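The values are calculated or read from the model by the stated rules, or taken from the named source; none is laboratory data. Just so we're clear, the structure is a prediction, and the values are computed from it rather than from any experiment. Don't worry about glycine lacking a Cβ; one is built from the backbone with ideal geometry, like all the others, and counts go over all protein chains shown.
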Ligand code: GDP
């Protein structure tokens, strides 16, 4: 096990090889349980296909997926010397966008998979744009399926140019992006430099992953603890539970719950069934606050210091990306917003600017509508009080997913919060 942890997103167009790459990473890092490998090795040998354990691992992943049993590729774990990686939900797998924004699993960095024989495709653009909007620090770009294009350097360079253009378009910092010619299927340049690409002298994928910058430690932002549930425990009383996103909670602190607008002194903090004097970002805690009853607070409240309480928005301005909407979005539209643990219907009060994703500049002031693929700045009015923060101040509490018709239709980050007077 390594000391440091990273959440890694695997993004890219459907069929470009994301699942295969995850399988390959697990296989090369010895993260597939030995008995699973052994079982596949035996099966492979029985069928006269010794040495194809990897193919069998993949078949098994695929088969399990079809059966709905999950060895899903999300939440798989593997380690390099420097990091323990957890793969967070990949696009196309369940509710990637929503989970990325509201889940406990915000990605620190991402691997973008682009098939060499297909190049930049629609979801490549969408995911890169989303990754940038949501503040993923760094991208490693695996140009995959190099075996399909006979490991040709020219093809690799063409795809690199295409991707570079895309990164420039959405203004992703490209200085440090590494491009690696890989075959997830054959294993080229994943754990070892491939003989098939003598023209490439850069790092392997695992080396690049190992060299990723450490995730930014949480800022010195004030305490923000979105409440997940509220329990009543005999002998203790009301126990709200949740994960500390930013800041520190100490016994004796004076805290405030917003938007319920109640507060008191922290009496006890419990973590993993043990009492602790203080808790930090990432800690899942249950705690008890003097004078707070079960009906005073609810899921979706955010707990913060009494002298720097969580913001409650009367309206807020946000940058949104429309990912999939069957028609058009106009002012007045009121879908459900998912932000941290809150779910609140919010009205898009005005569409202030449409942005050109190509240049990042304003394409149109006060457009009548926006639709799939558009990025825009909009003003939003929650229909019930909602605690949310500007992304520039507390990114952990500054993004949201917009859901309608059972799908995530847009994602965004908060630019400015206008609080109730
Ligand atoms: P995803 O939709 O991005 O997760 O893509 P998959 O991992 O399911 O791969 C889609 C198809 O491409 C599958 O048939 C894979 O076997 C194949 N594939 C993935 N990576 C490679 C590769 O490096 N070389 C070749 N030849 N095929 C690949």
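If the condition is being within 19 Å of residue 395 (Cβ to Cβ) and assigned to a loop (DSSP other than H, G, I, E, B), then the range 301-318 contributes 308, 309, 310, 311.
Here residue 314 fits the description: modelled with pLDDT of 95 or more and loosely packed, with under 15 Cβ neighbours inside 10 Å. Applying the selection to the range 251-260, what residues are in a loop (DSSP other than H, G, I, E, B) and in contact (Cβ under 8 Å) with a residue 40 or more places away in the chain? Passing the criteria: 253, 259, 260. When we screen 204, 197 for residues that are within 21 Å of residue 29 (Cα to Cα), within 16 Å of the ligand (Cβ to nearest atom) and surrounded by fewer than 21 Cβ atoms within 10 Å (Cβ to Cβ), the only hit is 204. Contact annotation: no residue pair with Cβ atoms under 6 Å, 6 or more positions apart or on different chains, pairs a residue in the range 139-161 that is farther than 15 Å from residue 112 by Cβ and modelled with pLDDT under 95 with a partner that is away from the ligand (no atom under 13 Å from the Cβ) and in a helix (DSSP H, G or I).
Counting only helices (runs of 4 or more DSSP H) that fall entirely inside the range 12-121 and contain at least 1 residues that are at pLDDT 65 or above, surrounded by 17 or more Cβ atoms within 10 Å (Cβ to Cβ) and assigned by the TED database to the domain that holds residue 183, the qualifying elements are 18-28, 34-46, 53-66. Among the residues making up the range 233-249, those that are under 14 Å from residue 293 (Cα atoms) and either modelled with pLDDT of 90 or more or part of a strand (DSSP E or B) (or both) are 233, 237, 238, 239, 240, 241. Answer yes if at least one residue in the range 351-363 is buried (at least 22 other Cβ atoms within 10 Å of the Cβ) and not in a loop (DSSP other than H, G, I, E, B), and no otherwise. There is at least one residue in the range 351-363 that is buried (at least 22 other Cβ atoms within 10 Å of the Cβ) and not in a loop (DSSP other than H, G, I, E, B). Would you confirm whether any residue within the range 170-179 is over 26 Å from residue 355 (Cβ atoms), modelled with pLDDT of 95 or more and in contact with a strand residue (DSSP E or B) (Cβ under 9 Å, 6 or more places away or on another chain)? Checking the range 170-179: at least one residue is over 26 Å from residue 355 (Cβ atoms), modelled with pLDDT of 95 or more and in contact with a strand residue (DSSP E or B) (Cβ under 9 Å, 6 or more places away or on another chain). Of all residues in the range 127-139, those being surrounded by fewer than 21 Cβ atoms within 10 Å (Cβ to Cβ) and within 16 Å of the ligand (Cβ to nearest atom) number 0. The residues of the range 140-162 that are under 25 Å from the mean Cα position of the chain (by Cα) and more than 16 Å from the ligand (Cβ to nearest atom), listed by number, are 160, 162.
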